[in-house]
Amino acid sequence: MPVRHVLLPALALLLPGLAHAEQVTVFAAASLKNAMDDIVASYQAQSGHSVVVSLAGSSALAKQIQQGAPADIFISANPDWMDLLKAEGLLEDGSRRDLLGNSLVLVAHGTDAAPVTIGPDLDLPALLGEGRLAMALVDSVPAGIYGKAALDHLGLWQEVAPSVAQSDNVRAALALVATGEAPFGIVYATDAGAEDRVTVAGHFPADSHPPILYPVADLANRDSAAEEDFLTYLQGAEARAAFEAQGFTVLAD
């Protein structure tokens, strides 16, 4: 018998975890990239399992899941898309949790912008001057939808709408402010924290827009020990620290 045939079974007996290593595929909102990089690296080192993360817009990921993409876990930045998957029977019963929260901020170009108080009395057109207010698409992208809702609630939308520069996503809106193409923009607090060329000038009141929630769920396809284990890990202390380091509010215990 060749030596390798003796050594491999023996190695499997000595290191049984290697023989049972599994792969978990996670579909996650693109805004989770930095946190997920840290979480996956830590989890893989501890568990021996492999985690593959596919990052994109929540709507795009949900549509791929609808079409049968082989994902195990979904983390959405938009509860509506999770609702849709649930209605179609694509979530494992009882697995959905609101994992994270976020907040909405007004960012300014540069590192020394003066702070403002965001409320009905804010003279946003005067603040912009001849410049534009960068936002994600206000009718389709969650950050833009939340931003418009907040401005509407505060009675600021109608007067500022002509000055809004809409972008395909929140990171593109952030980039307009970072490069100085727009003096101000509305983005998530976590996005602002990822860009050192902008200043958070003000925070939108939490009650000025619907809650910004990131639900997580196990998808109703195949179940594995690694899948359940990683879902639990996402709600544990180490993952909490990684999410909080990026500015998210952790909601799941």
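The values are calculated or read from the model by the stated rules, or taken from the named source; none is laboratory data. Predicted model, so just to flag it, every value in this text is computed and none were measured. Every residue, glycine as well, gets a Cβ built from its backbone with ideal geometry; the counts of neighbours run over all protein chains shown. Just the protein is used for accessible areas: all its heavy atoms, side chains included, with ligands, DNA and RNA removed. Shrake-Rupley method; radii C 1.70, N 1.55, O 1.52, S 1.80 Å.
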Using alpha-carbon coordinates, inclination of helix 3-14 to the longest axis of the chain, degrees: 60 degrees
For the range 119-146 versus the range 20-84, the gap between their alpha-carbon centres in whole angstrom: 30 Å
Solvent-accessible area per residue for the chain (1.4 angstrom probe, square angstrom): 48 Å²
Length-normalised contact order for the chain - Cα pairs under 8 Å, 6+ apart - percent: 28 percent
Simple label model, 7 Å out from Cα along Cβ direction - residue 55 to residue 123, nm: 4.1 nm
Cα gyration tensor of the range 104-253 - equivalent ellipsoid semi-axes, whole Å, descending: 33, 16, 14
Inter-site label distance for residue 235 and residue 34 at 7 Å from Cα along Cβ, in nm: 2.7 nm
Percent carbon-and-sulfur accessible area, the chain, ignoring ligands, DNA and RNA, probe 1.4 Å: 54 percent
Label-point separation, residue 220 to residue 45 (7 Å along Cα→Cβ), nm: 3.8 nm
Heavy atoms of residue 146 accessible to a 1.4 Å probe, total area in Å² rounded to 10: 20 Å²
Virtual paramagnetic centre 7 Å along Cα→Cβ of residue 140, amide N under 12 Å, in the range 52-82: 59-60
